[in-house]
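Scroll down for the structure; my scribbles are underneath it.
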């Protein structure tokens, strides 16, 4: 009977419109919720698997200096949970190209060990890291940085370090001419802020013979604090700084944003369910004589209540299924749509974010939560109209019937 009520309003144009509106409104709300949460999931995934896979999970420093970093590296590799360890020399400076100054961060790496702590080798041409080790003062630039300053492979750039020395002629800044060997493009913020040198060249630039630290990679980046704490306990002269120092606030902000958006968009679902209430109330009023006949045939108020509850849940289920299908279709095509619109209209909507494209990721648990909450809201919305049908007086409903 609930199924028959679900399709019984086609003869009444107003009822058909209200029914279509209730299903369509719920479907649009669910589709928007699925799409927005998938975009937030995509940002979280890219930060975790791309940005943080290039940057170090943690860096171990020494309070007394590394007597032999290779020995320390071997000791760190014996620590539980450590997958890879590589030396690093890091600093900041200014690139000077055609009289223009650009602030950058540089990292001196050892190509032999870098692949054990970073996915950077996946984003450069084959053999480029080996060339970095064999070329005196060669460098690999982020692709966006290279486009910004207008250089390509084989060009020369000047790197100015902030430390100042003194000579007979006065203060002197450290300046070195570098040869561009190639570029890397991760699709993240480091594409416009970082350059890579060989570790020996970086040591010469900073006028030091030691490394700055040892980069540590672990299986679960959220376990980095425990691993670094274990390293400090094993050797008190060592201390570590995790990725959360630089990117933790951003990662937490994405999680908070997801929860906030989920709550706000659930309000949109709740508003859409009001159409379901209107549809049910009108269905009850439009079928007063049928309700009265059922009562006279022996149907109890509980029977009528469940008939209209099931009818309302059918409306909710249909709207939910259509919304899920629309949301999945929109999410799967959203990246291509964004790329086409960006190319056509020369948009720069993602320039302020840590990645330059629109990522999406559909999680089964999100779909399950959306479905469950939407059905609960739809069920709650049916209680008032169903109760109204249950208490209808059959005498009043039939006395005006011919």
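Overview of values
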{"read-out": "Distance from the range 189-222 to the range 312-336 (C-alpha centre basis), Å", "value": "46 Å"}
{"read-out": "Per residue convex hull volume, Cα atoms of the range 56-242, in Å³", "value": "125 Å³"}
{"read-out": "Normalised contact order of the range 69-174, rounded percent, pairs of Cα under 8 Å and 6 or more residues apart", "value": "24 percent"}
{"read-out": "Contour minus Cα-Cα distance for residue 318 and residue 209 (0.36 nm per residue)", "value": "32.3 nm"}
{"read-out": "Contour minus Cα-Cα distance for residue 63 and residue 365 (0.36 nm per residue)", "value": "104.2 nm"}
{"read-out": "Mean separation of Cα contacts under 8 Å (6+ apart) over length of the range 56-242, as relative contact order %", "value": "37 percent"}
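Just so you know, all these numbers are worked out from the coordinates, no wet-lab data involved. Since the structure is predicted, the reported quantities are computational estimates derived from the model, not experimental observations.
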